[in-house]
Every structure is written in structure tokens, then in C-alpha cells.
1. Among residues belonging to the stretch B:125-139 that are at pLDDT 85 or above and surrounded by 13 or more Cβ atoms within 10 Å (Cβ to Cβ), point out the one that is nearest to residue B:83 (Cα to Cα).
2. Restricting attention to the stretch A:15-47, report how many residues are under 20 Å from residue A:182 (Cβ atoms) and surrounded by fewer than 20 Cβ atoms within 10 Å (Cβ to Cβ).
3. Select, from A:89, A:24, A:17, the only residue that is under 23 Å from residue A:194 (Cα atoms), touching a residue at least 60 places away in the same chain (Cβ under 8 Å) and in contact with an Asp or Glu (Cβ under 9 Å, 6 or more places away or on another chain).
4. Give A:65, A:82 a once-over and let me know the one that is among the hydrophobic types (A, V, I, L, M, F, W, C) and either away from chain B (no Cβ under 14 Å) or closer than 20 Å to residue A:204 by Cβ (or both).
5. Consider only pairs whose beta carbons are under 8 Å apart and that are at least six residues apart or on different chains; among these, list those whose first residue lies in the stretch A:97-118 and is in contact (Cβ under 8 Å) with a residue 12 or more places away in the chain and within 12 Å of chain B (Cβ to nearest Cβ) and whose second residue is assigned to a loop (DSSP other than H, G, I, E, B) and basic (Lys, Arg).
6. Determine whether residue A:91 is out of contact with any helix residue (DSSP H, G or I) (no Cβ under 8 Å at 6 or more places or on another chain) and surrounded by fewer than 18 Cβ atoms within 10 Å (Cβ to Cβ).
7. Select, from B:75, B:26, B:96, B:40, the only residue that is under 30 Å from residue B:278 (Cα atoms), of a type outside the set (Gly, Ala, Ser) and away from chain A (no Cβ under 14 Å).
Amino acid sequence: MEFRNVSMSYERDYDVLKDISFNLPSGSMHFLTGPSGAGKTSLLKLMYLAHRPTRGEIMMFGRDVAKAEREDLPKLRRRIGVVFQDFRLLDHMTAVENVALPLRIAGGSGAHINEHVEELLVWVGLKDKMKSYPSTLSGGEKQRVAIARAVIRRPDILLADEPTGNVDPEMAERLMYLFVELNKLGTTTVIASHDNGLVEKFGSARLHLVGGKLLHLEGTGKNRN
Amino acid sequence: MRNQYDFLPNENKREATKLLPWVMAIMVYLSALAGTGSLILHSGFDDWASSLQGRVTVQLTGENREDMSDQSSRIQEALRATPGVDSVRPLTEDEIRLLLEPWLGAGNITDDLPIPIMIDVETSDNIYVNLDALESKIRQISDNVYLDDHARWLDDFLRLAYTVESTGLGILILILLASVCIIIFGTKSSMSEHKGTIEIMHLMGAHDLMIAKAYQNRFMKYGLRGGIIGLILSFITVYGLLILVQNLSGGFVDTPTLPYLKMSLLLLFPLIFAALTMITARITVMRELARMV
């Protein structure tokens with residue numbers, strides 16, 4: 001994933017991201033850090049193709065996705081897993097159905113989907129909550145369902161916005177190990193986080209944003225765990 | 001790739017569009033009533049016009065009854081000898097008096113009144129009769145003979161029939177346009193209610209068509225369900241009105257007859273409305289989604 005002089009604005013004449021350039025090697029793992037309002041979520045939005053930049057190039061999957069045709073975007077989005085800060089689970093679907101969503105969108109059907117989904121939910125500690133609706137789950141449980149949904153298709157790129165914000169330290173660590181495992185399988189991972197302890201512990205490379213500018217890119221992003 | 005996946009919440013759950021089937025029922029009800037009214041009037045006009053078509057009335061006036069009677073016989077012979085004339089029948093004096101009564105009043109038709117002789121002529125459907133030539137021919141027998149093919153009346157009737165049918169069609173078009181507006185509004189409301197769901201589907205790589213199909217299938221069901229309810233209610237109303245007319249008229253007035261064959265077209269209304277809701281919902285969703293990245 002390579003950003004070349006990327007700027008982005010929601011309103012005219014005000015760039016929330018300013019001339020961002022970096023290169024994340026395939027299979028790398030990075031933390032995205034910075035104070036509130038620095039532009040972390042906006043940068044992630046560009047990465048998961050929810051927004052187009054106002055300037056610059058975004059090279060992903062061997063092409064400039066900033067200029068990709070609209071009809072090509074769904075196929076590209078299916079290669080990206082996203083954990084949203086506010087979970088964005090569908091309230092009318094059970095945990096199993098929520099996690100199965102990316103597989104169904106990709107055209108999957110049948111019992112093997114549920115089997116695969118249930119395995120993953122067991123792994124994230126939600127064995128007893130499979131048929132539960134999001135409204136009955138705690139914040140941490142919702143977070144784990146959201147993570148399971150993001151990784152169910154083994155995406156090429158995994159983006160997570162504060163994925164451990166609502167879970168206890170033990171679960172946070174466990175989820176981080178899940179990200180590390182996925183990263184080891186070749187998934188390029190970017191995790192936006194405020195948790196300095198976690199960032200220090202997992203010691204991955206860091207993209208640090210301040211006021212919409214990339215201040216520094218630390219490390220190579222190659223996982224050391 | 002499988003494009004069909006109903007990801008929308010169950011419609012029983014606080015759905016903005018759950019009243020849509022009832023709105024569609026009302027629209028189909030009004031459409032079916034407008035359609036039935038047009039068809040009954042059309043059928044009535046058809047009967048009326050066909051009773052006048054193929055009929056010609058010959059009217060002979062004069063002062064001398066004997067001369068008139070002689071001329072009438074010769075005119076009848078000439079008419080019978082004309083190819084394409086099926087029957088020739090002079091009206092009796094009583095029949096003519098009955099025709100005059102609405103204008104002159106009963107009992108006002110005295111013997112000294114110069115009542116014309118009238119001959120009812122039926123022409124064939126298969127052989128063309130040149131009425132101008134026929135009139136010239138019988139005018140050689142008497143200058144006081146007139147031939148009336150009811151063209152002026154028929155033109156007026158046809159114009160009235162056309163106006164009534166156009167009005168019915170106009171009402172139908174207005175109802176369809178109103179339905180389209182309601183469907184667009186309903187679709188947008190539903191999309192707004194499920195904005196979060198649509199966004200997630202979109203970000204996880206759902207094609208616009210997958211989202212549109214979920215909506216179009218649901219709205220098609222609304223249209224079909226409402227259409228069937230509306231049609232049944234309209235049939236109940238029409239039959240109820242017919243029974244009411246029959247009871248009130250007491251046999252003095254002809255009860256309108258239902259053109260059953262043509263009315264069977266009304267059975268297509270629920271399907272038409274289902275297709276209308278489906279297509280409108282699909283176009284609306286596709287257009288709304290096109291605004292997203």
C-alpha cells in the first residue's frame with residue numbers, strides 16, 4: 001500500500017489530510033497513532049475505499065485505487081477487512097449472521113459458511129453468544145464480533161480503528177495476537193490505537209499523524225513477534 | 001456470483017414502509033374503479049352506437065296522404081331493390097306518435113297534424129351502401145324525402161365516449177404517477193432508515209445491484225399484496241353498487257351490464273402495480289447508491 005502526496009477534505013478549502021506519503025510493504029503491520037482529530041479515521045477511510053482523496057495517488061493491489069472506476073470498487077473492498085471504531089454490526093442479525101456477512105456478499109451460501117463462522121466465534125470467545133443479537137452483547141463482545149467479521153475472509157489488508165478500545169487488557173492482548181497471526185499469513189495490517197502500552201508491547205512500525213500530517217513513519221512494519 | 005441476498009431487517013420490525021401495501025391497495029382500488037367505470041361506459045356506448053349503426057331512416061313529408069302513400073310504396077320498392085339493403089319497414093302511425101310524444105306531449109297529436117311517413121331501413125354489414133346515391137335515387141320519386149343515417153348523433157356519441165374514456169385513462173395515469181411518487185418516497189425513507197446497513201454492505205463489497213435487488217424484491221411483494229387487496233375491494237364495491245342500482249331501479253331502468261371479458265384485464269392490475277413498485281424501487285435505489293463512492 002503506497003500513498004503518494006495524498007490530501008483529503010470533507011469541505012472545500014480545508015484538508016483533513018495534508019500531503020501524506022508513505023509505503024507499507026505487503027504483509028507488514030503498522031500502528032496508526034496520533035491525538036484525537038489528527039486524521040486517523042480519515043486516513044483509514046481512504047484505505048478502505050470509503051472516500052476518494054482530493055489529490056494524490058493511492059496504490060493498492062497494483063493500481064491507483066483513487067482513480068478506480070466505481071464499479072471496480074466492490075471487488076477491491078472485498079479484499080479489505082475493516083474493524084470500525086463503533087463496530088457497525090447489523091442489529092437485526094445474530095452474531096453468526098453478522099460474521100457471515102462478507103462471505104454472503106461474496107456469493108457464499110450453505111452450511112460450510114456457518115461452520116467456518118462458528119469456529120472463528122469460538123476462537124474469539126463467543127461460543128455462547130452465537131445466536132445473540134448485538135443489542136444483547138456487551139461492548140467487548142460486539143468488538144470481537146466486529147473483528148471476526150473483518151477477518152473471516154482472510155483479507156489482503158486488515159484495517160482496525162481502535163479495535164481494543166472496549167475490551168479488557170487480557171482480551172485486548174488476545175485480539176492483538178489474532179491480528180499478529182493474520183499478519184503472519186501475509187495480511188497487511190494497520191491498527192489505529194491510542195493504547196501506547198499495546199503499541200509498545202507489539203512493537204510494530206508506527207504511522208504517526210498530527211494535524212492531518214504524517215510526522216514520522218517508524219520501523220519497517222515487519223512483525224517481530 | 002450470487003447477487004441475491006435479503007439483508008434487510010424483517011418488515012415487521014419498525015419498518016418505515018410497512019404501510020406501503022395499504023397505500024398500494026388504495027391506488028389499485030381507485031385504478032380498478034376508474035377502469036371498471038370506463039369499461040362499463042365504453043360497453044354502453046358500444047351497444048348504443050351499434051344499435052344505430054347499419055340503420056337508416058327515410059322520412060317522407062307532404063300534404064296529400066294518398067300521394068304520400070303511393071310515393072312511400074315506390075320508395076320502399078326502390079330501397080328493397082338496392083343491393084346491401086337487408087330490410088325495409090315503414091313505421092306504423094302509433095310508433096310515429098310515440099316518437100313525437102316527447103316533443104309535442106301526449107294527446108296533442110291530432111289527425112290534422114302533417115305527420116311524416118317514416119321508413120326504417122337496415123343495411124348489410126358486408127355490402128357497402130352508397131347513401132348519397134341512394135338518396136338521389138329516392139329523390140327522383142319525391143322531392144320531400146330525406147334520408148338520415150344518424151351520422152351527426154353518432155359523431156356526438158363517439159365524441160362523448162372518447163371524452164369519458166380519455167378522462168378514465170387520465171385518472172389512471174394520475175394514479176400511476178402518484179403511486180410512483182409514493183414508491184420513490186417510501187424507498188428513500190426505507191434507505192434512510194437502513195442507512196447504516198446499506199453503508200456496511202457497501203463497504204464490505206456489495207454491488208449496487210445486490211442492494212437494489214433486496215429492495216426491489218421487497219417492494220414487489222408490497223405492490224402485489226396491496227394490489228390483490230385493492231382489487232378484491234374494488235370488485236366488492238362494484239358488485240355492491242350494481243346490487244344497489246338493481247334494487248333501486250325496481251326493474252324500470254336497465255342495470256348496467258359488466259363487460260366480463262374486458263374486466264378480466266383488471267386482474268392484471270396487481271401484477272402491473274407489483275412491476276411498477278419493483279422497477280421504481282430498483283431505479284430509486286440504484287440512483288441513490290450512485291451518489292456513494
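1. The residue in question is B:134.
2. So the count comes out to 3.
3. Of the residues listed, the single one that is under 23 Å from residue A:194 (Cα atoms), touching a residue at least 60 places away in the same chain (Cβ under 8 Å) and in contact with an Asp or Glu (Cβ under 9 Å, 6 or more places away or on another chain) is A:24.
4. A:82
5. Listed pairs, sorted by first residue: A:102/A:78; A:102/A:153; A:103/A:153; A:105/A:78; A:106/A:78; A:106/A:153.
6. no
7. Result of the check over B:75, B:26, B:96, B:40: B:26.
For every residue, the table says whether it meets (1) of a type outside the set (Asp, Glu); (2) surrounded by fewer than 17 Cβ atoms within 10 Å (Cβ to Cβ); (3) at pLDDT below 95; (4) closer than 30 Å to residue A:4 by Cα.
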residue: A:59; (1), (2), (3), (4): yes, yes, no, yes
residue: A:66; (1), (2), (3), (4): yes, no, yes, yes
residue: A:99; (1), (2), (3), (4): yes, no, no, no
residue: A:116; (1), (2), (3), (4): yes, yes, yes, no
residue: A:119; (1), (2), (3), (4): no, yes, yes, no
residue: A:125; (1), (2), (3), (4): yes, yes, yes, no
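The values are calculated or read from the model by the stated rules, or taken from the named source; none is laboratory data. This is a predicted model, so every value here is computed, not measured. Heads up, the Cβs are rebuilt from the backbone with ideal geometry, glycines too, and the neighbour counts pull from every protein chain shown.
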